[in-house]
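Computed from the coordinates by the stated procedures, all read-outs in this text should not be read as laboratory data. Source: prediction; values computed, not measured. FYI the Cβ positions are ideal-geometry reconstructions off the backbone, even for glycines, and counts take in every protein chain you see.
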Amino acid sequence: MMSLAELICPAGTPAALRVAVDAGADAVYCGFQDATNARNFPGLNFTPDELAASVVYAHAHGTKVLLALNTYPPAGKLDLWRHAADTGARLGVDAFIVADMGVADYIAHTHPQVRLHLSVQAAASSPEAIRYYCESFGVKRVVLPRILTIPEIRQIRKEIPCEIETFIFGNHGLMVEGRCSLTNYLTGQSTNMDGVCSPASDVEYVRDADGSMSSQLAGFTIDRFGPDEKAGYPTICKGRYTAPHRPEGYYAFEEPVSLNLSRLLPELIEAGVHAFKIEGRQRSKSYVRGVVRAFRAAVDDIKAGRKANIADLLALTEGQKQTQGAFETKKWR
Amino acid sequence: MTKLTLGPIAYHWSAEARSDFYARIADEAPVDEVYLGEVICSKRAPFHEAELPATIERLERAGKRVILSTLAEVMLKRERKATEDLAEIDAPEIEINNAAGLFARGRRPHRIGPFMNAYNEATIGWMAAQGATHVCLPSEMPAPAIAVAARAARELGLGVEVQVFGRVSLAVSARCYHARAHGRTKDNCQFVCEEDPDGMPLRSRDEQPILRVNGIQTQSESYLDLLPETPQLVADSVTHLRLMPQRVDMVAVAQVFRDAVDGRLSMGEADARLAALSGDARLSNGFYHGAAGYRRIAMAAPS
Amino acid sequence: MSIHADVNTRPPGPGRTAAARLACVLIQPFLSRVVRRTAARHPSLFARLGPHQTTDFLIDPVELPFALHLRPDPEALVFRAVPRDAAPHTGAVIRGRFLLLLELVDSEQDGDAAFFSRDLEVSGDTEAVVRLRNALDDIDGSLAEETAAMFGAPGRAMLARLRRAYLNDTKGQECI
């Protein structure tokens, strides 16, 4: 299989979807306005009517639409996910992005004509795990967790029968996706079952007298930024804490930082990665436009044998800091 | 009869501490089944693998059923190999915590561990068709979902297990947070996690105890306590209640659960004893009640 | 020192307060027209707002003499200029430089990025702010352009001048 270097771009709203398509996305990914996807955020996502119109728009421009059904239905509520899959299939989406085995099994039987992509939420990080999903449900592509080095990706590529998609830009998740209950522990809303992470309804920013700002989640102060300090998302894994050895307070898990693999693109293409995912369905059209354009130009340059000139995307990154994370070195671990 | 199980030790306890712990469990604890093996960090496994056959023999001699648990995260060569090796074992039973284990095991019988995300009846049905004999549900599941999942699993002839005591696994990562706290990397960790046999406490900026770090794992600060909920769990078809080993008198903890489940001890008295045994740790049951996991919700109608 | 800190620490003098009240009175007919027209042209906005159609927002452009009170209730739209010292207690406050806020409305800038850089300050009900942001982000085209066009050539010229002033100003800031 030759690397196609497809650009997979986020769409949180129909307007953002059109921006991504116009900016040169090979595929867009999106979700419904409910718990069936992992960006179940207030005011975000698509109604079935909006998805119908969006699929028409995308297909008219040669762009694929991937529907995220990548959460884990709690027992007794499966119908919501089945119904979402049926709607997506009826509207002609090009693939479903799934994590739950029950959902995958349902789609494999009910809508065998639609491609299945394995979500990063399934956390398949070894050739054996990936092959399990391929052989069980006919998965055509795996979205790899952001924890592997390029040599490891190259090795996996040799041992699996499906395409590989990796993240190249955006929020840098630290925890194994699909295995994180941190949000539920503090808020009572589950990332796996409800599709939320640090829900806005539980977030409060409190401005202190000296101009510093506290990020509070469900009443816990998970970070405090000085007046001129760059801020990050109010997620537990990006918070500052104290530990017995670290009384000063430190980023116990990760600093507010974004993944940016633009410089590693040629190597990733060479390693056999088929598709590159830009994170950020919760971000604005401005972000989608800027990031998709930059990566479109870079991928086109590389495909044409030119040296890619990556625009500076630092301003769009969390904490205005970027990292190549685990992809560059396993010292990151 | 509802069975009590002892989950695998999540922490890096020394080989000696483990031996002593399991000797006491074998002799004194009223638990029916014991899960052994390293689930969290593959680097720790060599420290206690040598003792494993003796521990299995010791526990089985005492009438306990032993199950070997596989790693929750499988990425490196040694992790893949360890998972593959365990999957080859016919006895004792194995509990699988990663899809790599399911792949290696094929259709031979196995248990589904709490890291496998068996959230619903469709997933459990799929797993049962592939040879699963027993499923441990994810700790964050609320009561109504547990009831539906457990009933479906029972109808398929599976054992159904729910964690009822101990810190809850909230997240796992490729990065070691114990090493990070000490300015090291995972490859150069020098096993600093051994210093925290009940996890390394983290406090929020406003000084609230919030989480525990255990190597690559992040755990709840509070101990899960579903003792008052056990009658409902049993009524909802749950067959096995899991106690996670903490640095407290686990024999006494098991005894409290056994006596309460068997009706020899009132729930009120049993819960008071459990709180005393848990020392400084706060008890929580929020997940079960659909609330924030760290919360302690009073049962509406104690049974 | 960041600009919002500067504005917030300056005590309002009596003269400034009177000027603010006058500015509010002058700008009100304009605001009413803008909000009515936007609501009529982009009805899908209200669905994304969900339960926060009845939330009161205070939009605080730090360098203007007044703030804006928005209540995006399709049954009873409110969009009015209020002197800062007489601002109502609102569910959510969004604070930043005027043209940054305008660019956010038009998706010329990314809200998360402006938040990370601390140029945008949010307080109160975070969900309300997120919903408003997502609702506005789903509008195609430019609300600023639409608004300017309502006032013909003079409106467009004024918007262009504002943008130039903003660009010069932010460049100047970086030199400080």
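Across segment A:65-196, the relative contact order, built from alpha-carbon pairs under 8 Å that are at least six residues apart, equals 23 percent. Centre-to-centre separation between the Cα atoms of segment B:190-220 and those of segment C:32-79: 45 Å. Note on A:285-296: average number of Cβ atoms from other chains within 10 Å of each residue's Cβ is 3. What do you get for chymotrypsin sites (Phe, Trp or Tyr not before Pro) in segment C:75-119 restricted to DSSP loop and a cutoff of at most 14 other Cβ within 10 Å of the site's Cβ? Answer in residue order: no site qualifies. Pairs with C-alpha atoms separated by more than 21 Å, drawn from the list A:LYS230/A:LYS321; A:LYS238/A:LYS321; A:LYS238/B:LYS77, are A:LYS238/B:LYS77. For the cross-link pairs A:LYS277/A:LYS330; A:LYS158/A:LYS303; B:LYS64/B:LYS186; A:LYS158/B:LYS81, the ones whose C-alpha atoms lie over 28 Å apart are B:LYS64/B:LYS186. Counting only other chain Cβ atoms within 10 Å of each residue's Cβ, the peptide A:168-180 averages 4.
When the alpha-carbon atoms of segment A:33-96 are used, the pair Rg, Dmax equals 12.0, 39 angstrom.
Looking at chain A, send over the antiparallel percent of its DSSP beta bridges, to the nearest 5. Here the antiparallel bridges make up roughly 35 percent for chain A.
Over chain A, with a Gaussian network built from C-alpha contacts below 10 Å, which listed residue (A:ILE168, A:ILE147, A:ILE222) shows the highest mean-square fluctuation? Ranking A:ILE168, A:ILE147, A:ILE222 by mean-square fluctuation puts A:ILE222 first. Modelled spin labels at C:ALA149 and B:GLN190, positioned 7 Å past Cα toward Cβ, are 6.7 nm from each other. Just to confirm the filter: which GluC sites (Glu not before Pro) across segment B:146-238 are DSSP coil and have at most 11 other Cβ within 10 angstrom of their Cβ? Within segment B:146-238, the qualifying GluC sites (Glu not before Pro) (loop, at most 11 other Cβ atoms within 10 Å) are B:GLU207. Restricting the trypsin sites (Lys or Arg not before Pro) of segment A:250-314 to loop positions (DSSP other than H, G, I, E, B) with no more than 16 neighbouring Cβ atoms within 10 Å leaves A:ARG306, A:LYS307. Only residues of segment A:39-76 count here: report those whose backbone N is under 11 Å from the spot 7 Å along Cα→Cβ of A:ARG90, or say none. Flagged as within label range: A:48-49. Stretching the chain fully between B:ASP259 and B:ASP90 yields a gain of 57.5 nm (0.36 nm per residue, less the alpha carbon separation). Centroid-to-centroid, using Cα positions, segment C:98-127 and segment A:251-316 are 23 Å apart. Counts of other chain beta carbons within 10 angstrom of each beta carbon in peptide B:279-287 average 1.
Label sites at B:ALA272 and C:ALA23, each approximated as a point 7 angstrom past Cα along Cα to Cβ, lie 6.7 nm apart. How far is the Cα center of segment B:119-134 from the Cα center of segment B:225-244, in Å? Value for the Cα centre distance between the two parts: 20 Å.
Going from the fewest other Cβ atoms within 10 Å to the most, the residues C:SER107, A:SER284, C:SER32 appear in the order C:SER32, C:SER107, A:SER284.
With contacts taken as Cα pairs under 8 Å at a separation of at least 6 residues, chain A carries a relative contact order of 21 percent.
Taking Lys and Arg as +1 and Asp and Glu as -1, the other residues whose beta-carbon sits under 11 Å from that of B:GLY290 total -1. The mean sequence separation of alpha-carbon pairs under 8 Å and at least six residues apart, normalised by the residue count of segment C:9-93, gives a relative contact order of 32 percent. For a quick check, take a GNM of chain A with Cα springs below 10 Å and name the residue from A:GLY195, A:GLY249, A:GLY92 with the largest mean-square fluctuation. Result: A:GLY249 has the largest fluctuation of those listed.
Each helix, a run of at least 4 DSSP H residues, gives -39500 (n - 2.57); summed and divided by the residues of the protein assembly as shown, these come to -11000 deg cm²/dmol at 222 nm. Can you tell me what share of the DSSP beta bridges in the protein assembly as shown is antiparallel? A percent to the nearest 5 is fine. Antiparallel bridges: around 40 percent, rounded to the nearest 5.
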